[in-house]
Amino acid sequence: MDQTLTKLIQRTALENPEIPAQYSKDATGEFQPVLYKELLELMLDYAGALLSIGHARGDHIGLIADDRKEWFHSSLGIMAIGAADVPRGSDATAKEIVYILSFAGCKTTVLENDAQVQKILDNRSDLPLLKTLIVFDMPESPDRIKQIRKEGFTLYSYDEFIELGKNTVRSIPTGLKMNSKKASGMKSLPLFLLPEQQASQRV
C-alpha cells in the first residue's frame, strides 16, 4: 500500500498515465484535463526547482493562495522533497500571513497574486528569513517586478519555476533515474526526489 500521496501519484502515473488526474477551466470556461503522467512530471519539476534553490526535507514553505490547479501542483512538489507547506488562503490578512510565515521560518513562499505580494512588502522587516517568492498571477508591470526584486526577493512566476525544475531534472545523473515501460513517452523519473529516496540518501 502506498504510504504517501506522492507515492500514490507516482504509481498511478506509471500504471495509468493517460487517465485524467485533474480538471480546470481554461480562459474560455472549458474544462481541460491534466493527465496523471503530466501531474507526476509537474510534481517532480516543482520539486526539482525547490531543490535547486536550496530547499531540503523538513523545510517549511509558505503557500498563500486559493484553490486552483497550481496550488495543487505546488503542494505536491513541496511534499515530494519531504518538506511541509504552510498554507493560508488569499483572504488572510497581512498580520496573519506575517505571523505564520515568520513562526514557521519560511525562506520561500508561494503567492496567489500581486495583492499577496503587497502584504509581504508592507511587512518586509518582519520577515527577514523570506528570500524567494513564487507568484501564480505575476504583476504585468516591469517596474512593479523591479520594485519587488529591489526589496531583496528572488521572484519567479509559476511557469518560470516549473522550467527551472525541468532543467534541474535534466541534469540528474542517469543512475538516479528510472524509465517506465508502461508510460510510453514519459520522461525518466527522478525518484530520488520522493521523500523515502531522499531520506535514504542521508543515511
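No value in this document is a laboratory result; all are computed from the given coordinates. If you're wondering where the values come from, they're calculated on a predicted model, not measured in any experiment. Neighbour counts are summed over all protein chains in view; Cβ atoms, including those assigned to glycine, are modelled from backbone coordinates with ideal geometry.
So which GluC sites (Glu not before Pro) in the stretch 62-155 end up in coil per DSSP with only 11 or fewer other C-beta atoms within 10 Å? Could you put the intermediate results ahead of the total?
Values: sites: E70, E96, E112, E140, E151; in loops: E112, E140, E151.
Sparse-neighbourhood loop GluC sites (Glu not before Pro): E140.
Step through the table entries K25/K69; K95/K119; K37/K107, compare each Cα-Cα distance with 18 Å, and write down the pairs that go over it. Each step should come with its number before you reach the end.
Working: K25/K69 10 Å; K95/K119 8 Å; K37/K107 30 Å.
Beyond 18 Å: K37/K107.
Please list, in chain and number order, the residues 5+ apart from D66 or on another chain whose amide H is under 5 Å from its amide H, with Hs placed from the backbone.
Amide H to amide H, under 5 Å and 5 or more residues apart or across chains, D66 pairs with S90.
Restricting to Cα pairs below 8 Å that are 6+ residues apart, what does the relative contact order work out to for the stretch 5-172? Please round to a whole percent.
On the way: 272 pairs, mean separation 35.7, N = 168.
Relative contact order for the stretch 5-172 comes out at 21 percent.
In the stretch 5-172, what percentage of the DSSP-assigned beta bridges are antiparallel, given to the nearest 5?
Details: 5 of 21 bridges.
Among the beta bridges of the stretch 5-172, antiparallel pairing accounts for roughly 25 percent.
Can you work out ³J(HN,Hα) from phi for every residue in the stretch 91-103, in order, using Karplus 6.51 cos²θ - 1.76 cosθ + 1.60 and θ = phi - 60°, giving whole Hz and x for Gly and Pro?
7, 5, 6, 4, 4, 5, 4, 4, 5, 6, 5, 6, 4
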